[in-house]
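Have a look at the structure below, then the notes.
The values are calculated or read from the model by the stated rules, or taken from the named source; none is laboratory data. Not measured: the values here are computed from a predicted model. Virtual Cβ from ideal backbone geometry, glycine too; neighbours counted across all protein chains shown.
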Amino acid sequence: MKKAPPEKVSQEQVVFKVEELEPLLSPDPMIVPPFEPAAIKVKTGETMLIRPMKKEEAPLLLNYLKKIMEVDHDFYDIVGVRVYAEILGWVRNRLKDPYQMVGLIDGHLVGFCNGRLMNEDISISLHTMAYRRGIRAGAILYYAKCEYAFDVLKQKEFWSTFESYNGLKRWGIGMAQPSYPWPDIQHELGGAKVYYITKKYWDTTVKRYLQDMIQSKLERPVSKELLKKNENIIVPEKLEED
């Protein structure tokens, strides 16, 4: 769009350096404590480490997600595409206050979850993915996100939406999560319905529901040996669907 200036100007062109434009395109981060790594015993007797994902690890997961994008059933494709964009948005500084956690067993990636902070009061749950079946990796990581939002960041609400039937059954219906009126209030994942957990509901009901589901507890502090064992991520060769 062009429009004539309302005044004489000494320069017909005003040139910007990209370093001057970047502050307008990347959001200023909130100052929040990071997720503290935690360990948990899974059903097999193995120890799963949950820790923040590092930006230098993003290419590994992005390459793996390309495989998931090609799975055209049970909504793997749309979840894969969206998680790919969310990780890339984090790496490129185009996503406001994101966090991502990985679940690892002896370095092997068994699960991933992410979200972001809308503001000081509301956390947006983005996705939770289990890459190994039978160890309740998804439930553990969903619990870790909620614990981080409510017990560490002291937020008031945790907003979710669901793409798959399993996600709706396990988290939406299973937790009896209420929803806000739609379309007045929409989740950022495609404008879908917002399901939410309040701090009070977390303390009185949901926390116990998830603890019963994972049948264990997160333990801290984590030993240096466990952190070292899970320092480098080994991604699965293929999606485990059974």
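Name the one entry in K96, K43 that is over 21 Å from the mean Cα position of the chain (by Cα), assigned to a loop (DSSP other than H, G, I, E, B) and in contact (Cβ under 8 Å) with a residue 60 or more places away in the chain.
Within the list K96, K43, the selection yields K43.
Answer with yes or no whether E157 is modelled with pLDDT of 95 or more, in contact with an Asp or Glu (Cβ under 8 Å, 6 or more places away or on another chain) and more than 30 Å from K66 (Cα to Cα).
yes
Kindly indicate the residue of the range 179-191 that is over 18 Å from the mean Cα position of the chain (by Cα) and touching a residue at least 12 places away in the same chain (Cβ under 8 Å) and also surrounded by the fewest Cβ atoms within 10 Å (Cβ to Cβ) among those meeting that condition.
W182
Does L141 satisfy being buried (at least 23 other Cβ atoms within 10 Å of the Cβ), modelled with pLDDT of 95 or more, of a type in the set (A, V, I, L, M) and under 23 Å from I50 (Cα atoms)?
For L141, the condition - buried (at least 23 other Cβ atoms within 10 Å of the Cβ), modelled with pLDDT of 95 or more, of a type in the set (A, V, I, L, M) and under 23 Å from I50 (Cα atoms) - is met.
Sort out which residues of the range 10-38 are surrounded by fewer than 10 Cβ atoms within 10 Å (Cβ to Cβ) and either in contact with a Leu (Cβ under 6 Å, 6 or more places away or on another chain) or aliphatic (A, V, I, L, M) (or both), and write them in order of number.
Of everything in the range 10-38, those that are surrounded by fewer than 10 Cβ atoms within 10 Å (Cβ to Cβ) and either in contact with a Leu (Cβ under 6 Å, 6 or more places away or on another chain) or aliphatic (A, V, I, L, M) (or both) turn out to be V14, V15, V18, L24, I31.
Which one of these is within 19 Å of K96 (Cα to Cα), modelled with pLDDT under 95 and outside any loop (DSSP other than H, G, I, E, B): P29, P23?
Just one listed residue meets the conditions, P23.
Please count how many residues of the range 103-115 are surrounded by fewer than 23 Cβ atoms within 10 Å (Cβ to Cβ) and touching a helix residue (DSSP H, G or I) at 6+ places or on another chain (Cβ under 8 Å).
Residues in the range 103-115 being surrounded by fewer than 23 Cβ atoms within 10 Å (Cβ to Cβ) and touching a helix residue (DSSP H, G or I) at 6+ places or on another chain (Cβ under 8 Å): 2 in total.
Looking at S179 and the list (1) more than 17 Å from H127 (Cα to Cα); (2) touching a His at 6+ places or on another chain (Cβ under 9 Å), which single condition is not satisfied?
Answer for S179: the failing condition is (2).
Looking at the range 225-242 only, could you name the residues that are more than 15 Å from L65 (Cβ to Cβ) and surrounded by fewer than 13 Cβ atoms within 10 Å (Cβ to Cβ)?
E225, K228, E231, N232, E241, D242
Just to check your reading of the model, which residue among V91, V83 is under 26 Å from N230 (Cβ atoms), of a type in the set (V, I, T) and in contact with a strand residue (DSSP E or B) (Cβ under 8 Å, 6 or more places away or on another chain)?
Of the residues listed, the single one that is under 26 Å from N230 (Cβ atoms), of a type in the set (V, I, T) and in contact with a strand residue (DSSP E or B) (Cβ under 8 Å, 6 or more places away or on another chain) is V83.
From the list V222, V194, V206, pick out the single residue that is buried (at least 17 other Cβ atoms within 10 Å of the Cβ), over 21 Å from the mean Cα position of the chain (by Cα) and modelled with pLDDT of 95 or more.
V222
Scan the range 50-63 and report the pairs whose first residue is closer than 22 Å to P221 by Cβ and whose second residue is among the β-branched types (V, I, T) and not in a loop (DSSP other than H, G, I, E, B), with Cβ atoms within less than 6 Å and a gap of 6+ or a chain change.
M53/V102
Yes or no: E7 touching a residue at least 60 places away in the same chain (Cβ under 8 Å), of a type in the set (D, E) and either loosely packed, with under 13 Cβ neighbours inside 10 Å or assigned to a loop (DSSP other than H, G, I, E, B) (or both)?
no
For the range 119-235, which strands (runs of 3 or more DSSP E) that fit wholly inside it have 1 or more residues that are among the β-branched types (V, I, T)?
122-130, 195-198
Can you tell me how many residues in the range 70-96 are surrounded by fewer than 18 Cβ atoms within 10 Å (Cβ to Cβ) and closer than 15 Å to S26 by Cβ?
Within the range 70-96, residues that are surrounded by fewer than 18 Cβ atoms within 10 Å (Cβ to Cβ) and closer than 15 Å to S26 by Cβ number 7.
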